[in-house]
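This report concerns only the one structure given below.
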Amino acid sequence: MRARYGVPLAVTAVGAAGLVYAAGIEPRAFRLRRVTVPVLPSGMRPLRVLQVSDIHMVGGQRGKQRWLRSLAGLRPDFVLNTGDNLSDPEGVPEVLDALGPLMEFPGAYVFGSNDYYGPRPRNPARYLLEKVQGRHGLNGNPPVVGAVHNPWEDLRDGFDAAGWQNLTNTRGSLKIEGVSVELTGLDDPHIKRDRYPEVAGGPSDTADFSMGVVHAPYLRVLDAYTADGYPLIVAGHTHGGQLCIPFYGALVTNCDLDTDRVKGLSTHTSGDHTSYLHVSAGCGANRYTPFRFACPPEATLLTLVGRED
């Protein structure tokens, strides 16, 4: 009898342990990644950029809030928030409180779909099905009906009051110790709110350095930024695949980006141009799928340095 039931019991125990880890341990194992990106003009001093993304704040997430506040100790030159701050319509005050110390630094932001709309329960297997069918977000799927509307205006007003620049289908600029940094942003392509023609034309001649900022790294957006000559594009949205297979990686990206570039630094080529692309795995998850496996929550400190000749 012992031999007959030993293997199924062992498999069940391993599965239960994996579920406990994915739901209760790894989602709280916050970490900072440090990446060096050679994109600045020769002779320009390095710029330290803190990217936070996909916070997906739910009320009561005190550990996440403490960790986000602690990031101010890095003293970045500026902060980029690449969207999906909310997973709870009541979460705006906690997001603003958690990001309060970071909002003492120059910064800018774009929104993601979960800033505008509340999440719904969803079978994770649908992400695999949509990948096979080539459908992602509203790009090929029917419009969302009956969605919960988040109070994104309150979030916007809080960021704006702190002096962070709203990059919703527009350009912004920051002055960092005499260095002019141009930021060209888009609204979320995942729900077809991106309007690239409104910001097209490439980097301005008056900026010392220019970069693109977007929530979801859809290929149409990466192609446009790269063809226009932006040396760096930053994005979030993918959660790094969220549930990954050890020694293999992500199964899905929740957009049309390939899984090889689901997180971290890579490149993107369009025409004769190549840009660096950084995709953050983010530090949260949808409140209905609060799991992470082999993909810890993160923020990234990007150190921009002179180009390699």
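The values are calculated or read from the model by the stated rules, or taken from the named source; none is laboratory data. Just so you know, these numbers come straight off a predicted model, no measurement behind them. Here the Cβ positions follow ideal geometry from the backbone for every residue, glycine too, while neighbour counts run over all protein chains shown. Note: areas computed on protein heavy atoms with side chains; ligands, DNA, RNA excluded. Shrake-Rupley method; radii C 1.70, N 1.55, O 1.52, S 1.80 Å.
Here are a few things to note about the model shown:
- Given the chain, longest segment not containing exposed loop GluC sites (Glu not before Pro) (DSSP; at most 16 other Cβ within 10 Å): 178-307
- Normalised by the number of residues in the range 7-304, the average gap of Cα pairs under 8 Å and 6 or more apart makes the relative contact order 25 percent.
- 16 Å Cα-Cα reach of K131 towards aspartates and glutamates, excluding residues that sit fewer than 8 places from it in its own chain: D256, D258, D260
- 0 to 90° range, to nearest 10: angle between helix 152-161 axis and the chain longest Cα axis: 40 degrees
- Only the Cβ atoms of Lys and Arg (+1) and of Asp and Glu (-1) were treated as charged; on that basis the dipole of the chain about its Cα centre amounts to roughly 1460 debye.
- Solvent exposure of the range 114-214, expressed per residue, is 50 Å² of accessible area, with all protein chains present and a 1.4 angstrom probe.
- Among P93, P297, P189: highest mean-square fluctuation, GNM of the chain, C-alpha pairs under 10 Å: P93
- GNM result for the chain, Cα springs below 10 Å: residue of N139, N123, N150 fluctuating most strongly: N123
- For the chain, the longest site-free run once trypsin sites (Lys or Arg not before Pro) in DSSP loop states with at most 16 other Cβ atoms within 10 Å are removed: 1-121
- Of A108, P142, V95, farthest towards positive along the dipole that unit charges on Lys, Arg, Asp, Glu beta carbons give the range 95-150: P142
- In Hz, Karplus ³J(HN,Hα) per residue of the range 196-202 (6.51, -1.76, 1.60; θ = phi - 60°; x = Gly, Pro): 4, x, 6, 10, 5, x, x
- Where chymotrypsin sites (Phe, Trp or Tyr not before Pro) fall in DSSP loop in the range 219-255, at most 13 other Cβ within 10 Å: F247, Y248
- Options I191, I25, V52, ranked by Cα towards positive dipole end of the chain, top entry (Cβ charges): I25
- Option label - Cα extents along the principal axes in Å computed here, alternatives (i) 140, 78, 35; (ii) 51, 48, 46; (iii) 78, 42, 41: (iii)
- Build a GNM of the chain with springs between Cα atoms under 10 Å apart, and of P246, P217, P119 the one that fluctuates most is P246.
- Amide hydrogen neighbours beyond the local backbone of F78, cut-off 5 Å, H modeled: R48, L50
- Translational diffusion coefficient (Stokes-Einstein; Kirkwood radius from C-alpha pairs) of the range 259-309 at 37 °C, 0.692 mPa s, in µm²/s: 244 µm²/s
- The relative contact order of the range 91-182 comes to 41 percent, based on Cα pairs under 8 Å that sit 6 or more residues apart.
- Of the accessible area of the chain, computed with a 1.4 Å probe over protein heavy atoms only, carbon and sulfur atoms account for 55 percent.
- In the chain, the longest principal axis of the Cα atoms and the axis of helix 2-20 are about 30 degrees apart.
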